[in-house]
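The block underneath contains the structure these notes are about, expressed in structure tokens.
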Amino acid sequence: MPKIVIEDGPDQAVMGDVITGLTMYNASHANGETPDYLVISVRDDAGTVQGGLVGATYLGWLTVQALWVADALRGTGHGKAILQAAEEEAVRRGCPRVFLETLSFQALPFYEKLGYTIHSKLADFPPGGARYALTKDL
């Protein structure tokens, strides 16, 4: 009989098995479509990552899972450039919409300034703050 195991840490192989299992299940209900991952980076002259985006195009949407810019680059236009590059790639891949989430202490005004609209708000995530889901038509 199968047993439930709480893993000791982030085991990449186990994480991969779970994600692969869900991806295959979803594909069986989505005409075989699977996420097409998108990774964009900003690197300094030494090749060190100073920012970037991780997301995927899937079922007509670009979903942004992570967007980060090093403190030294904030306010210099790099975040906007990364997001615009991702949006352009999404359109190229046939995805005219974007979905992302942000926490109240992160970048809500940044996204709104770039045309993102709040779709939902989850209060007290984190406690005293909020988690926002945003969308944008490209």
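Which of the residues that make up region 1-17 are of a type in the set (Val, Ile, Thr) and loosely packed, with under 10 Cβ neighbours inside 10 Å?
Filtering region 1-17 down to residues of a type in the set (Val, Ile, Thr) leaves 4-6, 14.
Of everything in region 1-17, those that are of a type in the set (Val, Ile, Thr) and loosely packed, with under 10 Cβ neighbours inside 10 Å turn out to be ILE4, VAL5, ILE6.
Six or more apart or on different chains, Cβ under 9 Å: which pairs go from a residue in region 99-116 that's more than 14 Å from LYS80 (Cα to Cα) and modelled with pLDDT of 95 or more to one that's β-branched (Val, Ile, Thr) and not in a loop (DSSP other than H, G, I, E, B)? Could you list them?
Between residues of region 99-116 that are more than 14 Å from LYS80 (Cα to Cα) and modelled with pLDDT of 95 or more and residues that are β-branched (Val, Ile, Thr) and not in a loop (DSSP other than H, G, I, E, B), the close pairs are PHE99/THR63; PHE99/VAL64; PHE99/THR135; LEU100/THR63; LEU100/VAL64; LEU100/THR135; GLU101/VAL64.
Can you say whether PHE105 is of a type in the set (Phe, Trp, Tyr) and either surrounded by fewer than 10 Cβ atoms within 10 Å (Cβ to Cβ) or touching a Gly at 6+ places or on another chain (Cβ under 7 Å) (or both), as far as the supplied structure shows? Walk me through how you get there before you give the answer.
Numbers: of a type in the set (Phe, Trp, Tyr): yes; either surrounded by fewer than 10 Cβ atoms within 10 Å (Cβ to Cβ) or touching a Gly at 6+ places or on another chain (Cβ under 7 Å) (or both): yes.
Considered against the rule, which asks whether it is of a type in the set (Phe, Trp, Tyr) and either surrounded by fewer than 10 Cβ atoms within 10 Å (Cβ to Cβ) or touching a Gly at 6+ places or on another chain (Cβ under 7 Å) (or both), PHE105 comes out as yes.
Do the conditions hold for LEU62, that is, is it touching a Cys at 6+ places or on another chain (Cβ under 8 Å) and either surrounded by 10 or more Cβ atoms within 10 Å (Cβ to Cβ) or modelled with pLDDT of 95 or more (or both)?
Numbers: touching a Cys at 6+ places or on another chain (Cβ under 8 Å): yes; either surrounded by 10 or more Cβ atoms within 10 Å (Cβ to Cβ) or modelled with pLDDT of 95 or more (or both): yes.
When the stated conditions are applied, LEU62 passes them.
Here are some conditions: (1) in a loop (DSSP other than H, G, I, E, B); (2) touching a Ser or Thr at 6+ places or on another chain (Cβ under 7 Å); (3) at positive phi. ASN31 meets all but one. Which one does it not meet?
For ASN31, the exception is condition (2).
The values are calculated or read from the model by the stated rules, or taken from the named source; none is laboratory data. Keep in mind that this is a model prediction, so the values were computed, not measured. As a convention, Cβ positions derive from the backbone with ideal geometry for all residues, glycine included, and neighbour counts pool all protein chains shown.
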